[in-house]
Amino acid sequence: MSFFKRQGAWVCLLVIGLAIVCVCAFHPKSRFNIENYLPMLNCSAENDTSTFVLTGYNFGFETVTYPTGLPDGWNRWGSLSYACKLDSVEKHSGKYSIRIESRSKEIATEGFGCPFFAIPAKYAGKTVTVKAFMKLEDVEIPIGLLLRIDDNKGNIVAFDNMQQREITGTCDWREYSVTVDLPPNAKTIYIGAIHSGKGKLWVDDFQVLIGR
């Protein structure tokens with residue numbers, strides 16, 4: 001008998017539960033409205049899929065093995081008439097920035113200096129955005145951040161150096177950004193900053209974002 005009593009009690013609880021569900025579903029004041037929760041769901045989806053920030057790279061120049069050279073992982077393109085040096089005095093944050101300037105007063109306008117960092121293009125996404133802070137002093141030829149993407153054969157499949165924006169003159173630290181499409185055949189992403197002509201350019205605190 002105790003077995004049947006226990007079963008009967010469970011059946012009663014089930015019936016009561018179903019009744020409560022029916023009341024909540026059809027009563028206008030207590031009805032669950034999924035539309036009230038859609039904005040939160042959409043916001044969560046956008047936050048999860050909009051951008052992905054790359055971490056674990058020496059984008060802030062804080063890891064330096066040889067202070068007379070470039071930060072670890074960084075290399076340089078351009079002519080030897082331009083110097084790319086660590087600067088521990090003029091910086092946006094942290095210990096160092098990179099300063100780019102001509103080595104002599106005789107400026108070769110066809111030359112340039114460009115510190116760069118290579119990143120494997122192993123991230124799924126539609127776009128790549130590079131952000132960094134730059135400071136200018138007496139710059140006459142347009143400068144900018146550099147973003148270049150190569151395929152596995154070394155062909156350039158996306159490129160922007162911001163020079164069409166005509167950034168010149170003198171200005172304090174300011175954040176700039178550049179974005180290009182991320183091709184499906186991308187192999188390597190190169191980021192950097194390019195300077196040519198007179199004046200000085202400082203760059204610091206790079207960020208790379210993959211747009212999904």
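All of the numbers you see were taken from the coordinates with simple rules; none came from a lab. In this text, all values refer to a predicted model and were calculated from it rather than measured experimentally. Neighbour counts are summed over all protein chains in view; Cβ atoms, including those assigned to glycine, are modelled from backbone coordinates with ideal geometry.
Checked against a 19 Å cut-off, the cross-linked pairs LYS122/LYS187; LYS95/LYS198; LYS131/LYS153; LYS85/LYS135; LYS95/LYS122; LYS85/LYS122 give Cα-Cα distances beyond that limit for LYS95/LYS198; LYS131/LYS153; LYS95/LYS122; LYS85/LYS122.
Between ARG103 and ARG212, the FRET efficiency estimated from the beta carbon spacing at R0 = 35 angstrom works out to 0.25. Here the extension length gained between SER79 and LYS198 equals 41.4 nm, from 0.36 nm per residue of separation less the Cα-Cα distance. The GluC sites (Glu not before Pro) of the stretch 139-212 that DSSP puts in a loop, and whose beta carbon has at most 13 other beta carbons within 10 Å, are GLU166.
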